[in-house]
1. Between a first residue in the stretch 310-326 that is within 24 Å of D278 (Cα to Cα) and a second residue that is basic (K, R) and at pLDDT 95 or above, which pairs have beta carbons less than 7 Å apart while being 6 or more apart in sequence or on different chains?
2. Show me the strands (runs of 3 or more DSSP E) found entirely inside the stretch 244-350 where at least 3 residues are charged (D, E, K, R) and buried (at least 21 other Cβ atoms within 10 Å of the Cβ).
3. Could you please find all residues in the stretch 499-511 being crowded, with 20+ Cβ neighbours inside 10 Å and under 26 Å from the mean Cα position of the chain (by Cα)?
4. Out of the stretch 463-494, which residues are in contact with an Asp or Glu (Cβ under 8 Å, 6 or more places away or on another chain), buried (at least 19 other Cβ atoms within 10 Å of the Cβ) and either more than 13 Å from A524 (Cα to Cα) or among the aromatic types (F, W, Y) (or both)?
5. Answer yes or no as to whether D179 is in a loop (DSSP other than H, G, I, E, B) and under 26 Å from the mean Cα position of the chain (by Cα).
6. Can you work out which of the residues in the stretch 339-380 that are of a type in the set (S, T, Y) and out of contact with any Leu (no Cβ under 7 Å at 6 or more places or on another chain) is nearest to T321 (Cα to Cα)?
7. Would it be correct to say that R366 is closer than 20 Å to T137 by Cα and of a type in the set (D, E, K, R)?
8. It is to be established whether one or more residues within the stretch 136-159 are surrounded by 14 or more Cβ atoms within 10 Å (Cβ to Cβ), in a loop (DSSP other than H, G, I, E, B), at pLDDT below 90 and under 30 Å from the mean Cα position of the chain (by Cα).
Amino acid sequence: MPRSIRVCAVAIAAAAMIGFGTTSPAVGAESVPGQDAARVIAGEPSTAEPSSEEPSAEPEPPSPEEPSPEPEPPSPEPERPTSDEPEQPSSEEPAPPASDKSVSEPDAEPEAPAEPTPPATSPSAPVAPMARATAQTVITGFGPGVHRLAGLDRFETAVAISSRFAPNVPVLYVATGADFPDALTAAAAAAHRGGPLLLTQPDALPAAVRTEIVRLAPARIVVAGGESVVGTAVYDELAALTPSISRLGGSDRFETAERLIADAFSSATSAFVATSRDFPDALAASAASRSLGAPVFLVDGLARSVRASTVDAMRALGVQTVRIAGASGAVSVDIERQLASGFSVMRHEGHDRYLTAAAINESVFRGSGAPAVTSVFIATGSDFADALAGAALAGGLRSPLYITRSECIPHPVAVAINELNPSARVILGGTGAVGDAVARNSACAIVWAKPAAGRITDGFGPRDPICTPGGCTQSFHRGVDLGTGCWAPIYAASGGRVSTAGWVGTYGNFVKIAHGSGIDTGYAHLVDGGILVSVGQLVRAGEQIGWSGATGAASGCHLHFEVYQGGTQIDPVPFLSLRGVRLG
C-alpha cells in the first residue's frame, strides 16, 4: 500500500504553525601529507535498493503545490539544480526535494506508531489535534568536499547533525547525553526506522533540542532508557511535541537494548553484538548496521555467556549471523563459543579501537554487493557523544563511520578511507574533538618498526642462486635476510592493509602489506600455519603478523624481508635507517 500521500496546502500551513604481540619492536616515524578526495557526488540515496549515483529517480517525491483531485501525469520538474546544495538548507520558498536529498522509508513495514509494542510504555500527555504532513524520511546529502557538523556542546552538535533531516520524520529517538549504552542501540534503531537521534540532559530538555524537535515535527518520539536516565519532566515536555511517544527502558542496559530492538525490528538475518562496557566498537557497528538491516545488541563483554533473553530476542527476529564488534578483550571468547553453537559467527576486530571500526566498515562497505560509498563520517574515538547522533545520520545515508585521533587520522585508517575515495568527508564535532588536520585528511606520522629480531645474514644485491628442495632463488637478492631462528615472531614494519597472505612460489608462506604512497613490505618463508593475518586486514606498525620458518627456497629458518617503492624492490636497510629503524 502507498507509504505517502499528498497533503493539501492548508494542512501544510497548519503544521507549519506548530511552532596486542609478544615482543615490543623498535619504532621510528615519518610525517605523511594528507590528500583530499575529489570525486563528485550528486546525492546519497537511502532507499532499500542498492545505492546509485543518480538520485533523481526518487520514489514519489511530495509535491509542494496544492494537489489535484484527479491524478495527472507528472510534468517535468522545473529547473532541477545541477550542483550540490551547501551544507545548510535553503531558507527560500519550499521546493521539491532536490537532487542532493535522499528520500527513504524505514526498512521495516511501517506500523501505526500510536501502539508501541514493548511492555514498558509511559502514558503520553494529551496533544492538541493538529494537521500534519505525511511522515517520510528525507535527508539532505553532502556535496563534494569536507563538511563539519558541530555545535557549542554535544546537544547542539546532535542538533546540527539532525538538521540534515527534513521535517515530518516518521520517528525521532531521544537518549541521554550523559552516558552511551542506551544510545548505541537507539542509533542503529533510528537509522533503521528512518529518523534522527537527539541527546538530552537527564532532567532538562536543552532549548536548542526542543526547537529542533518542533522543526522535525516527528510522528513519534521514542525515549531510550528509564526515568533514571531521561527524567519524567523531559518525557512530559517531549510528549507535548508529538502525537505519539513511547519510553523503551528496562531494568538494565541489556533489557533496554532488547526493547528498543523489538520495537524497531520485525525481522533480521544479521545482528551485531558489542560490549556495553565501552563505546568505540559499537559506534561503527551502529552506523554500518543500517546497510545490513541489523540491530545492535549489547552484552557484558567480560562475561562467559550472553543472557538468555538476548539469545531469545535474536532467534525471535530470525537472526542467522552474529557479528561480534571487537576483539576477545572486548567480547570474550566464551561468548563467541556460546553464540557459535546456534548462529554463524563473524568477529570484526583490529589492534585498537580505530582499526576495529575500520574492520567493521571493511566487512560492510567493501567487496561485491557492498553499497556504493560517496561519503564517510569521521568522529573522535575518545568520546561517544558526537558519534551517537552521527551514527543515525551515517546509517540513514548508508555511509561508514570511522573514529580517529583528534590531531590526525591513524595511518591504517587513512589508508582505508583513501581506498574508498569518498567525494565527501563529514566531520562530527568541533575542532576540540576532531582537529582541522583531520579535516585536511592528514594521516598520523607513519610509524616504522623492526620486522624481526636477529642479525642480517644476507644483504640486498647480486649473489649466487641458492637451490633447495623448495626451488632455486634468483641471482639478485631483492631483500635482506634476518637470522631469526624458527618460530620467531614477525611484525608489520608499518601500518597498512594486507594485500597477500599465502603461498607464493619460492617465497613459501608470504605476507605483503600495502602502506600507501606506493610503499609495500614483504615477509617470506613463514612457517606452515604461521600466517596470522588475512588479505584485506588492516594492521598497525609492530603488530605480529606471523612466525618465522623455512618454507619455499630457504635453507634454514629466517625472515626474508623486502621493501617495495612504486612496485620495485629497494634495499630495506637504508630505507628503514632513514626512518629511525636499524635492521640487524
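The values are calculated or read from the model by the stated rules, or taken from the named source; none is laboratory data. Computed from a prediction, not measured in an experiment: that's the story for all the values here. Here the Cβ is made from the backbone with ideal geometry for all residues, glycine too, and neighbour counts use every protein chain on show.
1. As it stands, the answer is I324/R347, since those pairs meet every condition given.
2. Numbers: elements: 245-248, 270-275, 296-299, 321-325, 344-348.
Those strands (runs of 3 or more DSSP E) do not exist here; none qualify.
3. Within the stretch 499-511, just A501 meets the criteria.
4. Y491
5. Numbers: in a loop (DSSP other than H, G, I, E, B): yes; under 26 Å from the mean Cα position of the chain (by Cα): yes.
Considered against the rule, which asks whether it is in a loop (DSSP other than H, G, I, E, B) and under 26 Å from the mean Cα position of the chain (by Cα), D179 comes out as yes.
6. Within the stretch 339-380, the subset of a type in the set (S, T, Y) is 341, 344, 354, 356, 363, 368, 374-375, 380.
After this cut, where a residue has to be out of contact with any Leu (no Cβ under 7 Å at 6 or more places or on another chain) as well, the list is 341, 344, 354, 356, 363, 368, 374, 380.
Numbers: S341: 12, S344: 5, Y354: 24, T356: 19, S363: 13, S368: 18, T374: 27, T380: 29 Å.
By that ranking, first place goes to S344.
7. Values: closer than 20 Å to T137 by Cα: no; of a type in the set (D, E, K, R): yes.
It is false that R366 is closer than 20 Å to T137 by Cα and of a type in the set (D, E, K, R).
8. Yes, there is a match, as at least one residue in the stretch 136-159 is surrounded by 14 or more Cβ atoms within 10 Å (Cβ to Cβ), in a loop (DSSP other than H, G, I, E, B), at pLDDT below 90 and under 30 Å from the mean Cα position of the chain (by Cα).
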